[in-house]
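I have placed the structure first, in the form of structure tokens, so that the comments after it can refer back to it.
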Amino acid sequence: MRRLATRSLLTGRGIWTGLLSRDWRFARTRLAILFALPLLAVLVGLLAYPMFSAALMSLQDKSLGFAPVFVGLRNYVEIFTRDPAVREVAYNTVIYAAASVALKVISGLAMALVLNEAIPARNFFRGWLLLPWIAPVLVTALTWRWMFDQSSGVINFVLSETGLVKIPLAWLATKDTARLALIVANVWRGFPFFGITLLAGLQSIPQELYEAAEMDGASVRQRIRNVTLPWLEPLITTIVILSTVWTFNDFTLVWVMTNGGPGYGTHLFVTYSFWLAFRGSRVGYAAAVTFASLPIVLVFIGLLIPRMWKEEDV
């Protein structure tokens, strides 16, 4: 009888404890939502409202100083059927982003592998190689524009002094060389981010894996291919996504170095939209051009995100 009474008492206590814990969890949830409301309001104000406003603007014929006129999808029809510059701008954007990100991955990985070794003054080089990344973008753009200048640029000076060219090259006056100059400047600025991030990833790899591979007779190249790269693959995927988004929106470097020229030869979607809005006074059409570029980024990210999920599941 006493056992039954004790059991019923414990059961009653368990019920009350469960109810109290449930109420406590509910109260904590409401408190967490209450604390998150200011951040949610900021996110809505900074992201949702501007996106909705820009989407609405893309459906209007809006010019600076004039009242907007709703035109529906006419701006998008013009983009895909009657604007010859959009195709070249899309080509420039894809080439610029793909080449820049690929070269930054390669150079950043090389930087990380070298700085991960016990070389003299390793800490000095780790700090020194961060300078391109921490330098202001405007300073970087102005410096590289001067370096690629036809008459006074240091690159033409070196090429002339070494006898590689007889006539100074007009790097920023032709489309192909101007694209190359922008890619070089972007890679120089961005590879330290890849290098430092991948260096942190390298230092997290257990040394036992390298020791086991070395005992199996694996060469340095095989260790990099079979140990280093598989371990760094999730990290590389993440920073490639980040860098691609940043490169697609790389306005300052492109605008300062080439102003989108010659012609439309180096315009990206972001610079072309700016040119349409503030040089051509077509704000609504510029907003439509910006939204028309979103599928390119979304397709690229959509190809990489499932790979990240697969790697996390493994």
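The values are calculated or read from the model by the stated rules, or taken from the named source; none is laboratory data. Since this is a predicted model, take the numbers as computed values, not measurements. Heads up, the Cβs are rebuilt from the backbone with ideal geometry, glycines too, and the neighbour counts pull from every protein chain shown.
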In segment 224-268, what residues are surrounded by fewer than 19 Cβ atoms within 10 Å (Cβ to Cβ) and more than 21 Å from the chain's Cα centre (by Cα)? 224, 225, 226, 227, 230, 231, 259, 261, 262, 263
Of residues in segment 58-78 being polar (S, T, N, Q) and outside any helix (DSSP H, G or I), the one modelled with the lowest pLDDT: 63
Residue pairs within 9 Å by beta carbon, gap of at least six or interchain, first lying in segment 208-219 and under 17 Å from residue 231 (Cβ atoms), second assigned to a helix (DSSP H, G or I) and small (Gly, Ala, Ser), listed first then second, are 218/212
Could you tell me which residue of segment 51-80 is nearest to the chain's Cα centre (by Cα), considering only residues that are free of Cβ contacts under 8 Å to residues at least 12 places away in the same chain and over 17 Å from residue 274 (Cα atoms)? 52
So residue 132 ticks every box in (1) free of Cβ contacts under 8 Å to residues at least 24 places away in the same chain; (2) closer than 27 Å to residue 257 by Cα; (3) of a type outside the set (D, E, K, R) but one. Which box is left unticked? (1)
Hey, among the residues in segment 198-223 that are farther than 24 Å from residue 126 by Cα and hydrophobic (A, V, I, L, M, F, W, C), which one's surrounded by the most Cβ atoms within 10 Å (Cβ to Cβ)? 213
Quick check on segment 89-101. Is at least one of its residues under 18 Å from residue 281 (Cα atoms) and assigned by TED's automatic domain parsing to the domain that holds residue 181? no
Can you find even one residue in segment 193-204 that is touching a residue at least 60 places away in the same chain (Cβ under 8 Å) and in contact with a Phe, Trp or Tyr (Cβ under 6 Å, 6 or more places away or on another chain)? yes
Residues of segment 104-146 that turn out to be of a type outside the set (Lys, Arg), touching a Gly at 6+ places or on another chain (Cβ under 9 Å), more than 18 Å from residue 224 (Cβ to Cβ) and not in a loop (DSSP other than H, G, I, E, B), as a count: 3
Looking only at segment 44-57, and only at residues there that are in contact with a helix residue (DSSP H, G or I) (Cβ under 7 Å, 6 or more places away or on another chain) and within 18 Å of residue 77 (Cβ to Cβ), the one that is modelled with the lowest pLDDT: 55
Condition check for residue 228: in contact with a helix residue (DSSP H, G or I) (Cβ under 9 Å, 6 or more places away or on another chain), over 30 Å from residue 144 (Cβ atoms) and not in a loop (DSSP other than H, G, I, E, B): yes
If I filter segment 173-190 for residues that are assigned by TED's automatic domain parsing to the domain that holds residue 252, surrounded by fewer than 19 Cβ atoms within 10 Å (Cβ to Cβ) and assigned to a loop (DSSP other than H, G, I, E, B), do I get at least one hit? yes
